[in-house]
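Remarks on the structure that follows.
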Amino acid sequence: MLPSIFQEAVPVLKKIERAGFEAYFVGGSVRDYLLNKPINDVDIATSAYPQELKEIFPKTIDLGIEHGTILVIDDGREYEITTFRTESTYADFRRPDKVEFIRSLEGDLERRDFTMNSIAMDGRGRIFDPFNGREDIHNGMIRTVGSPDLRFTEDALRMMRGVRFVSQLGFKIESGTLNALKEHSKLLKHIAVERKTMEFEKIAGGKWKRKALTLLVRTNLYTELPHFTQHKDALQQVADLPQLEGINKDQVWLLLLACIGDPDPQGFLKGWRLPTKTVRDRSNELEILQLRRKSGWSKPLLYRAGLEAAINVEKVYECIESTPVSSVEAVKEEYHSLAITSRQQLDVTGNDLMTWANKKGGPWMKELLAEIESAIITGTINNDKEAIRRWLQTCNRL
Ligand code: ATP
Ligand code: MG
């Protein structure tokens, strides 16, 4: 029995077949199925041209019609369906200038990057594997379809994809493919930063990232990644950290900031074209990490960090220091024992202060609220309106 994610899509394949065309599951979903891994989404490839698909399915949306991909809505579900195609004339070592629709499955599988990604499966679970992808999956090997020199010069991003699969699957790169990767690593410079970042984030999220980062260093691919060129040693140092496996993508960015020590952390992250929120959060976490390394956690530092940042910082701290016992749970507990976790929780408002002091609003209120907040966090006073008023009176602040 095929997993339900495929079962649900079988009627779509059948509709295409009844119209006289071929249709298969392809790409990552078939690979992950053969690996017994969770399947994200199924990609369907077909011999029907986009126009022909539109005649079969009344509801479609063009995704990239010039590349032959349309979204089919069938029985309330969405399916990405791509017409078999070849990709010809690659200028600039990146995406093809021209795609040509074809009727042959094998031709379509041939344009794909690695043998493990070039396996098709029909609605009955029959496998079409002209490049012996199953054998490579069995042996944990990443091997290009056809000449690795040719495939990496056609599209240099494939080299990053190869390393990304090392990180996600723990596979080895087959020796011919690895040699070509070393040989052509410089071509990665032609690839848009955003596409490199997408792959790098998958590397950072993978279980075998130590292996993958070491590969980025050994193959010299790192020299074509933003802000990495001058930092071979720091990168290898990160790759060698025994606890690297246990940290997530966000924490990897923070770890890189800490280990590379770029004087402009925001510029470093912006160089990777990361979203503004990521730039802000990671830079802020770096400051917290530096304080945590210098003097340990305090209640005000935990309060300033917030729970998510505190966890990220502590995980990265543990990773850098290779601490034998995790302290993340203790940090969480301490965070939850804070009297307040945000200014909104103060049992006093600006209005209260104006009434008590019999003064008009102004910048003094903000300053006073900050002092009250700090006194509550450090445990000097309770978060209680009456206690706050008495404390202010004692300090002659009213
Ligand atoms: P994931 O599980 O991360 O989605 P995936 O293998 O499905 O991995 P996609 O980027 O979704 O990766 O691509 C789908 C399929 O398209 C791949 O399995 C591969 O067959 C083909 N493919 C993707 N990118 C390339 C490329 N740069 N060159 C050749 N084939 C590619
Ligand atoms: Mg995919």
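A few points about this structure:
- Region 141-225 shape via C-alpha gyration tensor axes, a/c threshold 1.5: oblate
- Think of each Lys and Arg Cβ as +1 and each Asp and Glu Cβ as -1; about the Cα centre, that makes the dipole of the chain roughly 900 debye.
- Of Lys172/Lys207; Lys294/Lys332; Lys37/Lys207; Lys207/Lys277; Lys232/Lys315; Lys186/Lys232, pairs whose Cα-Cα distance is over 18 Å: Lys294/Lys332; Lys207/Lys277; Lys232/Lys315
- Diffusion coefficient (Stokes-Einstein, Kirkwood radius over C-alpha pairs, 20 °C, 1.002 mPa s) for region 242-338: 158 µm²/s, rounded to a whole number.
- A probe of 1.4 angstrom, applied to the heavy atoms of all protein chains, finds His190 with accessible area near 60 square angstrom.
- Å³ per residue enclosed by the Cα convex hull of the chain: 201 Å³
- Ordering Met365, Trp391, Gly379 by the projection of their Cα atoms onto the charge dipole of region 343-398, which places +1 on the Cβ of Lys and Arg and -1 on the Cβ of Asp and Glu, puts Met365 at the extreme positive end.
- Per-peptide average of other Cβ atoms within 10 Å, ordering 258-269, 357-368 highest first: 258-269, 357-368
- Residue-normalised accessible area of the chain, expressed per residue, 1.4 Å probe, Å²: 49 Å²
- Only Lys, Arg (+1) and Asp, Glu (-1) charged, at Cβ; region 242-338 dipole about Cα centre in debye: 340 debye
- Interchain or long-range residues, amide H under 5 Å from Arg85's placed H: Ile102, Asp108
- The ellipsoid equivalent to the alpha-carbon distribution of region 241-298 has semi-axes of 18, 15, 11 angstrom, derived from the gyration tensor eigenvalues as √(5λ) and listed largest first.
- Taking region 317-398 and dividing mean pair separation by its residue count, relative contact order in percent (alpha carbons under 8 Å, at least six apart): 29 percent
- Added length on full extension, which subtracts the Cα-Cα distance from 0.36 nm per residue, Leu398 to Ser322: 22.4 nm
- Net dipole in debye of region 343-398 [+1 Lys, Arg Cβ; -1 Asp, Glu Cβ; about Cα centre; nearest 20]: 220 debye
- Relative contact order for the chain, counting Cα pairs under 8 Å that sit 6 or more residues apart, in percent: 9 percent
- Of Asn351, Gly246, Gly20, farthest towards positive along the dipole that unit charges on Lys, Arg, Asp, Glu beta carbons give the chain: Asn351
- Over region 141-225, relative contact order from alpha-carbon pairs under 8 Å, at least 6 apart, %: 38 percent
- Estimated from helical segments only, the mean residue ellipticity of the chain at 222 nm is -15000 deg cm²/dmol, where each DSSP H run of four or more residues counts as -39500 (n - 2.57).
- The stretch between Ile61 and Lys277, if pulled fully straight at 0.36 nm per residue, gains 74.6 nm over its current Cα-Cα span.
- Amide H to amide H distances under 5 Å link Asp74 with Tyr79, where only residues 5 or more positions off or on other chains count and H is placed in the peptide plane.
- Counting only heavy atoms of the protein chains and using a 1.4 Å probe, Glu110 has close to 100 Å² of accessible surface.
- Overall, the accessible surface of the chain at a probe of 1.4 angstrom is composed of carbon and sulfur to the extent of 47 percent.
- Nitroxide proxy distance, nm - points 7 Å out along Cα→Cβ at Leu307 and Thr355: 3.2 nm
The values are calculated or read from the model by the stated rules, or taken from the named source; none is laboratory data. In this text, all values refer to a predicted model and were calculated from it rather than measured experimentally. Positions of Cβ are backbone-derived with ideal geometry, glycine not excepted, and every protein chain shown enters the neighbour counts. The protein model used for the area step is the full one, side chains on, heavy atoms only, and it has no ligands, DNA or RNA in it. Shrake-Rupley method; radii C 1.70, N 1.55, O 1.52, S 1.80 Å.
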